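Chemist: One structure, as structure tokens, below. Some questions next.
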Amino acid sequence: MPDDAPWAQLEQALTHHRQRGRTLDVWWRDDDAVAATPHLDRLLALVQRHRIPLALAVVPAATDPSLPQRLAQEEAVRILQHGWAHKNHAPPSEKKSEYPADRDPAICLAELRRGQDLLRQMFGSSYLPVLVPPWNRLGNRLAAALIPQLPAQGFIGLS
């Protein structure tokens, strides 16, 4: 399958619905954003063409200045926090996780606060304080300690 085949299929489906006067209530999340790229440009073109809101999960510690510059005029894009550094801290016997069960919650919260500060500084009002854990997981024991503290840290959501 060509590299762009899934994009073409999505484009075709969205066009099909639009031509028939149908609307789709969707939000779209794309993960691991750190820099402006041709792939991001392509995604943003779809967002603009089809008026689809995009939630972009950004890795704070790895974000290049090109990303906030590229997104400065993108009104349909909101920035979510994709952990801190997208670094695996799980033991080799477990699935990858930046926040495995045995990590110290205080260290994790400190990283998340740094990430919030950085994303607010870089993206301003486009930043929504929603945590998107890398690999879409929090270790059970850590989750039990961390999740109740997220609202006090200013998070309004967990995806």
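Chemist: Within the stretch 103-120, how many residues are over 21 Å from Leu56 (Cβ atoms) and either without any contact (Cβ under 8 Å) to a residue 24 or more places away in the chain or assigned to a helix (DSSP H, G or I) (or both)? Reasoning before the result, please.
Modeler: Here is the first cut: in the stretch 103-120, the ones over 21 Å from Leu56 (Cβ atoms) are 103-110.
Next, only the ones that are either without any contact (Cβ under 8 Å) to a residue 24 or more places away in the chain or assigned to a helix (DSSP H, G or I) (or both) stay: 104-110.
Going through the stretch 103-120 one residue at a time, the tally reaches 7.
Chemist: Further question: Contact list please: Cβ distance under 8 Å, first residue in the stretch 35-49 and more than 20 Å from Thr15 (Cβ to Cβ), second residue of a type in the set (Gly, Ala, Ser) and assigned to a helix (DSSP H, G or I), pairs at least six apart or on different chains.
Modeler: Ala35/Ser66; Ala36/Ser66
Chemist: What do you reckon, is Leu138 hydrophobic (A, V, I, L, M, F, W, C) and modelled with pLDDT under 95? Even if it seems obvious, please write down each step before you answer.
Modeler: Values: hydrophobic (A, V, I, L, M, F, W, C): yes; modelled with pLDDT under 95: yes.
Yes; evaluated as a whole, the condition is true for this residue.
Chemist: Would you be able to tell me the number of residues in the stretch 121-159 that are part of a helix (DSSP H, G or I) and under 29 Å from Pro53 (Cα atoms)?
Modeler: Pass one, the stretch 121-159, residues part of a helix (DSSP H, G or I): 121-126, 134-136, 140-149, 151-153.
Filter once more, so that each one left must be under 29 Å from Pro53 (Cα atoms): 121-126, 134-136, 143, 146-149, 151-153.
Number of matching residues: 17.
Chemist: Here's another thing I want to ask about it. Between a first residue in the stretch 68-80 that is small (Gly, Ala, Ser) and a second residue that is open to solvent by less than 20 Å² (accessible area, probe 1.4 Å) and not in a strand (DSSP E or B), which pairs have beta carbons less than 9 Å apart while being 6 or more apart in sequence or on different chains?
Modeler: Correct list of pairs: Ala76/Leu44; Ala76/Val47; Ala76/Ile52.
Chemist: How about the stretch 7-40: which of its residues are acidic (Asp, Glu) and closer than 30 Å to Glu111 by Cβ?
Modeler: Quick first cut of the stretch 7-40, residues acidic (Asp, Glu) only: 11, 25, 30-32.
Passing the criteria: Asp30, Asp31, Asp32.
Chemist: Restricting to strands (runs of 3 or more DSSP E) lying wholly in the stretch 1-102: which have 2 or more residues that are surrounded by fewer than 18 Cβ atoms within 10 Å (Cβ to Cβ)?
Modeler: Details: elements: 28-33, 54-58, 77-81.
Qualifying strands (runs of 3 or more DSSP E): 28-33.
Chemist: I'd like to check something: does the stretch 18-27 contain any residue that is without any contact (Cβ under 8 Å) to a residue 60 or more places away in the chain, under 16 Å from the mean Cα position of the chain (by Cα) and farther than 23 Å from Arg141 by Cβ?
Modeler: From the stretch 18-27, those without any contact (Cβ under 8 Å) to a residue 60 or more places away in the chain are 18-27; that's our starting set.
From what's left, under 16 Å from the mean Cα position of the chain (by Cα): 26-27.
Subsequent filtering for residues that are farther than 23 Å from Arg141 by Cβ retains 26-27.
Scanning the stretch 18-27, I find at least one residue that is without any contact (Cβ under 8 Å) to a residue 60 or more places away in the chain, under 16 Å from the mean Cα position of the chain (by Cα) and farther than 23 Å from Arg141 by Cβ, so the answer is yes.
The values are calculated or read from the model by the stated rules, or taken from the named source; none is laboratory data. Quick caveat: nothing in here was measured; it's all calculated off a predicted structure. Methodologically, a virtual Cβ is constructed for each residue, glycine included, from the backbone with ideal geometry; neighbour enumeration extends over all protein chains shown. The area values use the complete protein model at the heavy-atom level, side chains included, leaving out ligands, DNA and RNA. Shrake-Rupley method; radii C 1.70, N 1.55, O 1.52, S 1.80 Å.
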